[in-house]
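Q: Please find one structure pasted underneath; my questions will follow.
The values are calculated or read from the model by the stated rules, or taken from the named source; none is laboratory data. Treat the numbers as computed from the prediction; the structure is a model and nothing was measured. Here the Cβ positions follow ideal geometry from the backbone for every residue, glycine too, while neighbour counts run over all protein chains shown. For accessibility, only protein heavy atoms count, side chains too; no ligands or nucleic acids. Shrake-Rupley method; radii C 1.70, N 1.55, O 1.52, S 1.80 Å.
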Amino acid sequence: QVQLVESGGGLVQAGGSLRLSCAASGSIFSINVMGWYRQAPGKQRELVATITSSGRTNYADSVEGRCTVSRDNAKNTVYLQMNSLKPEDTAVYYCYARVSRSFSDPYTAYWGQGTQATVSS
């Protein structure tokens, strides 16, 4: 099994910053993509940012320039630094990883349990 455990959510005022972390553990051979999605009340889950094992990143237009995704491959950990936060960034943030559990195993998507980030105006 593979577990993703997030931390770092909380309450912050508009213009503030939050740093989210997510550590993957368990039966892991390789992780190709890690990243973050978010879901606001009444809305669908949406991409925030992803990063490949080689460091290639992809951001949603809504967070481009305000967020930075990074990862520590040795620790199977992904981070999301969020700056200049806006009330519309309020959501549950979910960690995402595509994990292979052995040399012959295909990559499978795993999700964390989510961490709440609330931005007050």
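Q: Need the failing condition index for Asn73 against (1) of a type outside the set (A, V, I, L, M); (2) in contact (Cβ under 8 Å) with a residue 60 or more places away in the chain; (3) closer than 18 Å to Cys22 by Cβ, just the number.
A: That leaves (2) as the condition not met.
Q: State the number of residues belonging to segment 7-49 that are assigned to a strand (DSSP E or B) and open to solvent by 20 Å² or more (accessible area, probe 1.4 Å).
A: Let us first name the residues in segment 7-49 that are assigned to a strand (DSSP E or B), namely 7, 10-13, 18-26, 30-39, 46-49.
Now restrict to residues that are open to solvent by 20 Å² or more (accessible area, probe 1.4 Å): 7, 10-13, 18-19, 21, 23, 25-26, 30, 32-33, 37, 39, 46-47.
Total meeting the criteria: 18.
Q: When you go through (1) within 16 Å of the chain's Cα centre (by Cα); (2) within 16 Å of Gln1 (Cα to Cα); (3) among the hydroxyl-bearing types (Ser, Thr, Tyr) one by one for Thr118, which number turns out not to apply?
A: For Thr118, the exception is condition (2).
Q: Under 6 Å by Cβ, and 6 or more places apart or on different chains, what pairs join a residue from segment 95-121 that is farther than 18 Å from Val78 by Cα with one that is in a strand (DSSP E or B)?
A: That search, which allows pairs on different chains as well, returns Thr118/Leu11; Val119/Val12; Ser120/Gln13.
Q: Right, next: Starting from segment 2-28, take each residue that is over 28 Å from Ser100 (Cβ atoms) and list its partners that are open to solvent by 20 Å² or more (accessible area, probe 1.4 Å) and modelled with pLDDT under 95, counting only C-beta distances under 6 angstrom and pairs at least six apart or across chains.
A: Note: pairs meeting the criteria are Ala14/Ser121.
Q: Which of the residues that make up segment 112-121 are part of a strand (DSSP E or B), surrounded by 15 or more Cβ atoms within 10 Å (Cβ to Cβ) and not β-branched (Val, Ile, Thr)?
A: Filtering segment 112-121 for residues part of a strand (DSSP E or B) gives 115-120.
Remaining after also requiring surrounded by 15 or more Cβ atoms within 10 Å (Cβ to Cβ): 115, 117-119.
Correct list: Ala117 only.
Q: Moving to a separate point now. Can you confirm whether Ser17 is within 16 Å of Thr115 (Cβ to Cβ) and polar (S, T, N, Q)?
A: Details: within 16 Å of Thr115 (Cβ to Cβ): yes; polar (S, T, N, Q): yes.
It is true that Ser17 is within 16 Å of Thr115 (Cβ to Cβ) and polar (S, T, N, Q).
Q: Another question, if that's okay. Of all residues in segment 96-106, how many are under 16 Å from Leu4 (Cβ atoms) and open to solvent by less than 90 Å² (accessible area, probe 1.4 Å)? Write out each step before concluding.
A: Just the residues of segment 96-106 that are under 16 Å from Leu4 (Cβ atoms), to begin with: 96-101.
Narrowing further to those that are open to solvent by less than 90 Å² (accessible area, probe 1.4 Å): 96-100.
Matching residues across segment 96-106 total 5.
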